[in-house]
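The values are calculated or read from the model by the stated rules, or taken from the named source; none is laboratory data. Model, not experiment: these values are computed from the prediction. Note: ideal-geometry Cβ built from the backbone for every residue, glycine included; neighbour counts use all protein chains shown.
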């Protein structure tokens, strides 16, 4: 669902339009569940976060003065609910990602320096969703340290703005930008390793 | 200079690529990145892989979905929604 549709849905919810409640719950429950599942790593926790968030959304709806802010507002509540569940994070510790380590390695081939990189140009845009790549993407995001994972989920998966992500996470916009870049580079590196190591339809399978 | 040699410009470009892809770079810095990309095919290739990574994240739809909402959980939400509507009517002049 696009953001404009969510905003419309929020307005319909206030106006008590039939089906608005069911559609709102169905849409945001799945969205919050997904974010929390990738943040908490546990299905049960993610379902609890989704329920607790929706309850808080209805309880505090009066504080949302602009329906335009529905998506970041819901995510702010979800992020706080996730923090309460952090007791058993199964993912990587909060290590810093270093830029140097995320730069592609260079090698000399035919007297020229080249970077070691998979042939991304041969993956057609419409194959970006093929399941193998999708699994690798999910793993790559899941393996990111938490502080990077939350930023890439809000900015690139949920397509919130830098300012909105900064407000949700209580960070400066500069920190969001820095973390987003490193998160993207780390995910890119994992996908590149996958592409170089596996046979990809439409890609090359040289395996290094 | 061999354009495939790793250079300071490559490193500088690498450091700002996300800002460049997000159209967040000031015009002058943007022109510098574009000037560098004109002559450096490894950086172009790298930038393309990063762009596709972002595209992949944007198109990503979750594998895991929540279980269907149970009756008591739905009832709890519906009650909260009713309270929300009552409160909003009370608040209106």
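The number of residues in the range B:65-78 that are touching a helix residue (DSSP H, G or I) at 6+ places or on another chain (Cβ under 9 Å) and in a helix (DSSP H, G or I) comes to 5. Apart from one condition, residue B:59 fits all of (1) surrounded by 13 or more Cβ atoms within 10 Å (Cβ to Cβ); (2) touching a helix residue (DSSP H, G or I) at 6+ places or on another chain (Cβ under 8 Å); the exception is (2).
Each row is one residue, and each column tells you yes or no for (1) within 13 Å of chain A (Cβ to nearest Cβ); (2) part of a loop (DSSP other than H, G, I, E, B).
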position	(1), (2)
B:25	yes, yes
B:28	no, no
B:44	yes, no
B:48	yes, no
B:57	yes, no
B:63	yes, yes
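Close Cβ contacts (under 8 Å, 6 or more residues apart or on different chains) running from residues in the range A:33-62 that are at positive phi to residues that are assigned to a helix (DSSP H, G or I) comprise A:41/A:88; A:41/A:142.
The set of residues in the range A:2-22 being under 19 Å from residue B:68 (Cα atoms) and either within 12 Å of another protein chain (Cβ to nearest Cβ) or surrounded by 20 or more Cβ atoms within 10 Å (Cβ to Cβ) (or both) consists of A:20, A:21, A:22. For the condition at pLDDT 85 or above and surrounded by fewer than 20 Cβ atoms within 10 Å (Cβ to Cβ), residue A:181 does not qualify.
If you take just the helices (runs of 4 or more DSSP H) that sit entirely in the range A:37-154, which of them hold at least 2 residues that are modelled with pLDDT of 85 or more and buried (at least 20 other Cβ atoms within 10 Å of the Cβ)?
Qualifying helices (runs of 4 or more DSSP H): A:43-59, A:70-83, A:131-142, A:146-152.
Per the listing A:144, A:191, A:171, the residue uniquely touching a residue at least 40 places away in the same chain (Cβ under 8 Å) and either farther than 19 Å from residue A:35 by Cα or over 13 Å from the mean Cα position of the chain (by Cα) (or both) is A:191.
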